[in-house]
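Data block below; observations after.
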Amino acid sequence: MEYNNPLIPIAAIPQYQEIPLQRIEPDYKKVLWFNWTIAYLFITGLTVLIFITNEKIQKAWIITLAVFVFMSSIALVIASIEIGFKNRSWALRDKDIIFKKGWLFQRTHIVPFAKVQHCILKTGPVGRRYNLASLRFMTAASHQRDISINGLSLEVAEKIKEHARQAI
């Protein structure tokens, strides 16, 4: 038996960067805004309640620091939604799915359908209003290899799930 392990030139490797990616649905930005608004209203109410009931922390510097941290976190969320939304894109190929996301740290996940053990189609109450769904592909490797693609139209998500099911 002869051992054969030929060299593959770098130029012969397919480049995933050249694949045109599709953006997620624009209505998903409304869902993000709604979810973050609800979260910040809850955080604001809880923070105000804590400051009202605890006299020890009713000092100007503590309140100033809390407002600064709160406003900074709101600025980060706004930047994350507005800038990060533009980078959320996906592509479906015959044997795998590609998902790209991120703002400061961009990540591109390529999940071969042969490695997918389970696929979940999920809709939430706000997303259903805009006919949106999420797809989660789970692999055997670890939870960090799993991908969730949020902001797909329900019809597209169902088609992708069916394609993945047939490819497995």
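The values are calculated or read from the model by the stated rules, or taken from the named source; none is laboratory data. Please read all numbers here as calculations on a predicted model, not as lab measurements. Neighbour counts run over all protein chains shown; Cβ positions are idealised from the backbone, glycine included.
At a glance:
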item: Verdict on I78 being over 22 Å from R128 (Cα atoms) and either exposed (fewer than 10 other Cβ atoms within 10 Å of the Cβ) or modelled with pLDDT under 90 (or both); result: no
item: Output for segment 12-41, where each listed residue is more than 21 Å from H109 (Cβ to Cβ), without any contact (Cβ under 8 Å) to a residue 12 or more places away in the chain and part of a helix (DSSP H, G or I); result: A12, T37, I38, A39, L41
item: Output for segment 80-101, where each listed residue is in a loop (DSSP other than H, G, I, E, B) and under 14 Å from R23 (Cβ atoms); result: N87, R88
item: Criterion: in contact with a strand residue (DSSP E or B) (Cβ under 7 Å, 6 or more places away or on another chain), under 30 Å from K122 (Cα atoms) and charged (D, E, K, R) - qualifying residue of E25, E82; result: E25
item: Some residue of segment 43-62 being in contact with a strand residue (DSSP E or B) (Cβ under 9 Å, 6 or more places away or on another chain) and either surrounded by 12 or more Cβ atoms within 10 Å (Cβ to Cβ) or not in a helix (DSSP H, G or I) (or both); result: no
item: Among (1) surrounded by 15 or more Cβ atoms within 10 Å (Cβ to Cβ); (2) more than 12 Å from I97 (Cβ to Cβ), the one test that L135 misses; result: (2)
item: Top-ranked residue of segment 104-125 - restricted to ones that are of a type in the set (S, T, N, Q) and touching a Ser or Thr at 6+ places or on another chain (Cβ under 9 Å), ranked as surrounded by the fewest Cβ atoms within 10 Å (Cβ to Cβ); result: Q117
item: Some residue of segment 95-103 being under 12 Å from the mean Cα position of the chain (by Cα), surrounded by 14 or more Cβ atoms within 10 Å (Cβ to Cβ) and in contact (Cβ under 8 Å) with a residue 60 or more places away in the chain; result: yes
item: Tally of residues being farther than 26 Å from W33 by Cβ and not aliphatic (A, V, I, L, M) across segment 44-82; result: 9
